[in-house]
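First the structure, in the form of structure tokens, and then the observations on it.
FYI, it's all coordinate maths here, none of it is from the lab. Worth saying up front: this structure is predicted, and the values here are computed from it rather than measured. Cβ: placed from backbone, ideal geometry, glycine included. Neighbour counts: every protein chain shown.
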Amino acid sequence: MELRIEEKTRLCVLTGAGVSAESGLQTFRGQGGLWEGIAVEQLASPQGFAQTPQLVWRFYSKRRRLAKEVHPNAGHHALVEWERRLGDRFLLVTQNVDGLHQRAGSKQIIPLHGHLMETRCSRCQQIFFDERTYEEEPLPRCKECEGLLRPNIVWFGEALDKRHLERIAEFMQSAGEHLVFLAAGTSGQVYPAAGLVDEVRRNRGKSWLIDLEPPAFYASRFDHVLQGKSGEILPTLFRGSH
Ligand code: OAD
């Protein structure tokens, strides 16, 4: 099946953990997933951080270490190529915090759920690039205000950056029926990202899903579903279109 890109097409891609799976990073859900056997709220919520900050830092420190060890795969590279070809008719929205899209070279990217390699002060909100790991006491504190530092990740129960949502809405609305929405490697369980496909329908755009095991409840909302690995499908899907 061919995804046709016409002259007026605007392509919005939404990626999830599955896109990084072929680089060697675990997804969240399913067998062997990061969340398996874990109380998610303990590691990915403001309440969990308030109760057991050390545990939370140990979890994100490990993820920082693993993310630094891996490399972008063919799926990440295919999306960079598409950004190069389509220019401002392309927008990448990612739920991934691992930084692999950015390392591959994606620039028009919305990091919806934050960055693994950024730390933020929970008091003065200052954000800075940080690849360090914090596995031992004492917990890291802000140089400016002594507030407790935390990973710059959007946790459950926290709001997404409003500017990000506005930029996505603008992109979709201006595309109208010329919008092509392509989701890859996401199980469609976390909102608002999971609801973007419904916006596409409202705008009369076309929607595609690529997933190794497309979850039925999510897949049923797409026009086209391709089952397989994103690192294998993404490069072939885009070959040959404008
Ligand atoms: P999930 O772990 O929920 O879903 C990953 C999806 O990728 C599944 O549907 C898999 O079938 C699919 N998959 C696995 N390997 C694949 C491959 N090689 N090619 C294509 N698909 C593959 O991950 P997300 O949907 O990204 O949020 O999870 C959404 C959010 O939930 C995450 O951003 C994270 C998590 O809680 C935060 O941490 C804030």
Given charges at beta-carbon only (K, R positive; D, E negative), |dipole| of region 111-242 in Debye: 440 debye
Report the one residue of W208, G176, Y191 whose Cα lies farthest in the direction of the positive end of the charge dipole of region 172-242 (charges on C-beta: Lys and Arg +1, Asp and Glu -1; origin at the Cα centre). G176
Given Cβ charges of +1 for Lys and Arg and -1 for Asp and Glu, the option among H113, W57, Q102 whose Cα lies farthest towards the positive end of the dipole of the chain is Q102
Once you have the Cα-Cα distance between C145 and R123, take 0.36 nm times their residue separation minus that, and quote the gain in nm to one decimal. 7.2 nm
Okay, helix-only estimate at 222 nm for the chain: each DSSP H run of n ≥ 4 adds -39500 (n - 2.57), divide by all residues, round to 500 deg cm²/dmol; what do you get? -9000 deg cm²/dmol
Pick out, from C145, I5, Q227, the residue whose Cα sits farthest towards the positive end of the charge dipole of the chain, with +1 on the Cβ of Lys and Arg and -1 on the Cβ of Asp and Glu. I5
How large is the charge dipole for the chain, taken about the Cα centre, if only the Cβ atoms of Lys, Arg (+1) and Asp, Glu (-1) carry charge, to the nearest 20 debye? 320 debye
Calculate, in nm to one decimal, what E232 and R202 gain on full extension: separation in residues at 0.36 nm each, minus their alpha carbon distance. 7.8 nm
What are the residues whose amide H is under 5 Å from the amide H of L182, where those residues sit 5 or more places off or on another chain and H is modelled from the backbone? C12, V13, L14, W208
Quick one: putting +1 on the C-beta of Lys and Arg, -1 on the C-beta of Asp and Glu, what dipole do you get for region 32-105 around its Cα centre, in Debye to the nearest 20? 260 debye
Can you sort H115, H71, H76, H224 from fewest to most other Cβ atoms within 10 Å of each residue's own Cβ? H71, H224, H115, H76
Report, in whole Å, the centroid distance computed from the Cα atoms of region 173-224 and region 34-101. 20 Å
